[in-house]
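Remarks on the structure that follows.
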Amino acid sequence: MGELTLEPPFTNQRVVVSGVSPEIEGGRHPAKCVVGEVVAIEADVFCDSHDALAAVIQHRDLGEEDWFEVRMEPVVNDRWRGAIRPEQLGLVEFRVVGWVDRFGTWRRDLAKKHAADVVEAVDFLVGAELAAEFAKTAAGDDRRLIEGARETLVDADLTATTRVDVALDGDFAEAMFRADPRRFATEHERTLRIRVDRERARFSTWYELFPRSAVGDGETHGTFRDVIDRLPYVAGLGFDVLYFPPIHPIGEVNRKGPNNATTAEEGDLGSPWAIGSKDGGHKDVHPALGTIEDFRDLRDAAAEHGLELAMDIAFQAAPDHPYVDAHPNWFRQLPDGTIRYAENPPKKYQDIYPFDFETEDAEGLWVELKSVFDHWIDEGIRIFRVDNPHTKSFPFWEWCISEVTREHPDVIFLAEAFTRPKVMKELAKRGFTQSYTYFSWRQQKWEIEQYYTELNQTDVADYFRSNAWPNTPDILTEQLQYGGRSMYLQRLILAATLSANYGMYGPAFELMWSEARPGAEEYLDNEKYQLRAWDLDAEHSLAELIRIVNAARHEHPALQQDRTLRFHHIENEQLLVYSKTDPARDDVILCVVNLDPNWTQSGWTWLDMKALGLPADASFQVHDLIGDARYLWSGRRNYVELDPHVTPGHIFVVRNLSRTERDFDYYL
């Protein structure tokens, strides 16, 4: 067997830079942040021997020539940390550079020698020699400062203490750092990227409604004009994104009837996700909803109410979609000559043809599908909820989203992908801004804590933004079917506070519609196939509580991000306690939720005081934003009791009554 041999590198580089974060699959994909967000960057920086080191983050907007620098500081065990704050949409690239800090080494050792009273004359000469070298690369005030310090260091007539004071001067040290020629510096082998999105990518509050049911009587087909009349209600609930199912022409061939009946009767409306008919396809609007001019008026009216429209993009076609005749090779042909319709056995969707991403005309298909986004972007839409993206090609999404955001960096993509964890994460890596989650099925205390810890306290948080939905037109969990009002309130509080992005399908949620198809987690008489009657003024509506919760989200920056989510111990498995903090704005939110919809639960907390930014023995007030009650708590152990029939949860604002200085762990 041959022996493995290595050619000698003959290098003077001694510093190792590795383990950089955030780094998604070795730099294959960008991490994510929003404009103005502090992004912590860490790396392992070390070398042989005991020399002091220095490290910086170099960063710039993609396409720019000049690098900006941020100094890194050692944290623990050769781990270094720094932070950048991108201020512009698009892509930022960064790299980490480390080197032996010769001046820092000399300065550190001189301080030790001075403390031990063993400084020798040659020690000052070593520093003076470094100052002379560094002065050559310094400019302006730095150069004058360095040269002046060098003169002091070599002046044997001055006392050792005077010369040490100059050597240890902070301004001198900073000037030397800036002037350091960084001899034999090591640059990390990869330049990494961060995608910078707008603020709504991190914090958004979604409300889904079917425009065709906007009249609300269950008989009259609604229009875009009718939705305009609904805008004050939605905005009044505190939502900022209004999302519609597909608004395109609905196929007539193989149209589904109520409750997904295979055969439709005359007058049945069909599913909006069966897109395309003689009236057009993905770039057209359903004639029953109105005209494109009506849609534009709705878009503008929504903006006046502080609402941004989100469109559903479902890349599939009804049998009578114009694509089917024009591009039959975009669909899978079966041996009997028919086109394969969508299936998820035993479910069958005869009214939908999926696109074939193995078509020989991949370029034609990809370009056309991207043009659908382009079309609606031209109509002023900047948020898209993408239906079942996991059934389409990963490379397509990476290319399409990259191209769209390169041209329009403010566009947001929400992945509706209730699928396997690795597939969901892959879609996020490939470019999706936000993703639906398993929130609906995380119901026990341990699984909520485990799931949200993974989402927010591991490297998943660098690229995956969760969007929690307690219900959708496709999802009515057993919890909501049988849990009653207290369960709806519990899931509202959890969704709205565990995740900075959350949404609900309304008015089904606030009116607590809980009738399910037998044996299924799906609504009976589903609005996907028919009109629904909605009494928005019903006495049992949760509208007022939704307003309170959404107001808390908009008023408290701690709830507008997920990075600082921390769970706290309480001596009851039916009680969940967690907090979010925004140290920069002195905002602390502590939530306590009773997961039992039927019985009063109580327990003693064991709070992580450091996570709350409080001294261990602090006295503090908790103000409940739901019931407006105030309690005086002290230290870690505090008693909590929640009757779910009164309120299943508290959203507490924490106010320190004895703080003399801030004690937050900033969780960079």
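The values are calculated or read from the model by the stated rules, or taken from the named source; none is laboratory data. For clarity, every value in this text was computed on a predicted model and none was experimentally measured. When we count neighbours, we look across all protein chains shown, and the Cβ atoms used for this are built from the backbone with ideal geometry, even at glycine. Note: areas computed on protein heavy atoms with side chains; ligands, DNA, RNA excluded. Shrake-Rupley method; radii C 1.70, N 1.55, O 1.52, S 1.80 Å.
Table: residues versus (1) open to solvent by 30 Å² or more (accessible area, probe 1.4 Å); (2) touching a helix residue (DSSP H, G or I) at 6+ places or on another chain (Cβ under 9 Å).
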site	(1), (2)
L575	no, yes
K580	no, yes
V588	no, yes
D596	no, yes
A611	no, no
A618	no, no
I626	yes, yes
L632	yes, no
G635	no, no
Task: Neighbours by Cβ (under 7 Å, 6+ apart or cross-chain): first from the stretch 585-597, under 28 Å from Y482 (Cα atoms) and small (G, A, S); second open to solvent by less than 10 Å² (accessible area, probe 1.4 Å) and not in a loop (DSSP other than H, G, I, E, B) - done: none
TODO: Could you look through the stretch 330-343, keep only residues that are assigned to a loop (DSSP other than H, G, I, E, B) and among the charged types (D, E, K, R), and pick out the one that is surrounded by the most Cβ atoms within 10 Å (Cβ to Cβ)?
DONE: R332
Open item on the list: Condition first: surrounded by 15 or more Cβ atoms within 10 Å (Cβ to Cβ), in contact with a strand residue (DSSP E or B) (Cβ under 9 Å, 6 or more places away or on another chain) and either at pLDDT below 95 or among the charged types (D, E, K, R) (or both). Now tell me which residues in the stretch 160-183 satisfy that.
Closed with: D180, R182
Task: Complete set of residues in the stretch 500-534 that are of a type in the set (A, V, I, L, M, F, W, C) and either more than 30 Å from L559 (Cβ to Cβ) or within 30 Å of the chain's Cα centre (by Cα) (or both) - done: A500, M504, A508, F509, L511, M512, W513, A516, A520, L524, L531, A533
Task: The lone exception for H327 - which of (1) out of contact with any helix residue (DSSP H, G or I) (no Cβ under 9 Å at 6 or more places or on another chain); (2) buried (at least 16 other Cβ atoms within 10 Å of the Cβ); (3) over 30 Å from D240 (Cα atoms) it fails - done: (1)
TODO: Return yes when V122 is aliphatic (A, V, I, L, M), in a helix (DSSP H, G or I) and open to solvent by 70 Å² or more (accessible area, probe 1.4 Å) and no when it is not.
DONE: yes
Open item on the list: So, in the stretch 292-301, how many residues would count as being open to solvent by 10 Å² or more (accessible area, probe 1.4 Å) and in contact with a helix residue (DSSP H, G or I) (Cβ under 8 Å, 6 or more places away or on another chain)?
Closed with: 3
- [ ] Output the residues belonging to the stretch 355-399 that are outside any helix (DSSP H, G or I) and open to solvent by less than 30 Å² (accessible area, probe 1.4 Å).
- [x] F355, D356, T359, E379, I381, I383, F384, R385, V386, D387, K392, S393
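Looking at D336, D356, D297, D325, can you tell me which residue is charged (D, E, K, R) and in contact (Cβ under 8 Å) with a residue 60 or more places away in the chain?
Of D336, D356, D297, D325, the one residue that is charged (D, E, K, R) and in contact (Cβ under 8 Å) with a residue 60 or more places away in the chain is D297.
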TODO: Among the residues of the stretch 1-40, write down those that are modelled with pLDDT of 90 or more, among the β-branched types (V, I, T), open to solvent by 20 Å² or more (accessible area, probe 1.4 Å) and over 26 Å from P74 (Cβ atoms).
DONE: V35
Open item on the list: The conditions are (1) open to solvent by 20 Å² or more (accessible area, probe 1.4 Å); (2) within 30 Å of A201 (Cβ to Cβ), and P86 fails exactly one of them. Which is it?
Closed with: (1)
Open item on the list: Give all pairs with beta carbons closer than 6 Å in which a residue from the stretch 364-380 that is touching a residue at least 12 places away in the same chain (Cβ under 8 Å) meets a residue that is open to solvent by 30 Å² or more (accessible area, probe 1.4 Å) and outside any helix (DSSP H, G or I); count only pairs at least 6 apart in sequence or on separate chains.
Closed with: H375/K283; I377/H408
Open item on the list: Can you tell me which condition A274 does not meet? The list is (1) small (G, A, S); (2) at pLDDT below 95; (3) crowded, with 20+ Cβ neighbours inside 10 Å, and all the others hold.
Closed with: (2)
TODO: Only residues that are under 31 Å from the mean Cα position of the chain (by Cα), in a loop (DSSP other than H, G, I, E, B) and not β-branched (V, I, T): list them for the stretch 160-213, please.
DONE: H188, E189, R190, R198, R202, F203, L209, F210
Open item on the list: Can you pull out every residue in the stretch 383-430 that is more than 15 Å from the chain's Cα centre (by Cα) and among the acidic types (D, E)?
Closed with: D387, E398, E403, E407
TODO: Within the stretch 553-567, track down each residue that is touching a residue at least 60 places away in the same chain (Cβ under 8 Å) and of a type outside the set (D, E, K, R).
DONE: H554, H556, L559, Q560, Q561, T564, L565, F567
Open item on the list: Can you tell me which of (1) surrounded by fewer than 20 Cβ atoms within 10 Å (Cβ to Cβ); (2) outside any strand (DSSP E or B) is the one R81 doesn't meet?
Closed with: (2)
Task: Count of residues meeting criterion [touching a Leu at 6+ places or on another chain (Cβ under 9 Å) and either of a type in the set (G, A, S) or free of Cβ contacts under 8 Å to residues at least 60 places away in the same chain (or both)] in the stretch 513-543 - done: 14
- [ ] Go through (1) out of contact with any strand residue (DSSP E or B) (no Cβ under 7 Å at 6 or more places or on another chain); (2) under 22 Å from S271 (Cβ atoms) one by one and return the number of the condition D374 breaks.
- [x] (2)
TODO: Kindly state which strands (runs of 3 or more DSSP E) lie completely within the stretch 7-68 and contain at least 3 residues that are closer than 26 Å to E199 by Cβ.
DONE: 31-34, 39-47, 53-61
Open item on the list: Within the stretch 598-631, take every residue that is within 14 Å of L657 (Cβ to Cβ) and touching a residue at least 40 places away in the same chain (Cβ under 8 Å) and give me the one that is farthest from the chain's Cα centre (by Cα).
Closed with: A618
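Among the residues of the stretch 310-324, count how many are outside any helix (DSSP H, G or I) and open to solvent by 10 Å² or more (accessible area, probe 1.4 Å).
3
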TODO: Identify all residues within the stretch 248-262 that are assigned to a loop (DSSP other than H, G, I, E, B) and either hydroxyl-bearing (S, T, Y) or surrounded by fewer than 21 Cβ atoms within 10 Å (Cβ to Cβ) (or both); write none if there are none.
DONE: E252, V253, N254, T262
Task: Residue among E219, E265 that is open to solvent by 40 Å² or more (accessible area, probe 1.4 Å) and free of Cβ contacts under 8 Å to residues at least 40 places away in the same chain - done: E265
TODO: Select from the stretch 185-204 the residues that are surrounded by 23 or more Cβ atoms within 10 Å (Cβ to Cβ) and among the β-branched types (V, I, T) and list them in ascending order.
DONE: I194, V196
TODO: Restricting attention to the stretch 141-159, report how many residues are open to solvent by 60 Å² or more (accessible area, probe 1.4 Å) and in a helix (DSSP H, G or I).
DONE: 8
- [ ] Being open to solvent by less than 90 Å² (accessible area, probe 1.4 Å) and touching a Phe, Trp or Tyr at 6+ places or on another chain (Cβ under 8 Å) is the filter here, so list the residues in the stretch 68-78 that pass it.
- [x] M72, P74, D78
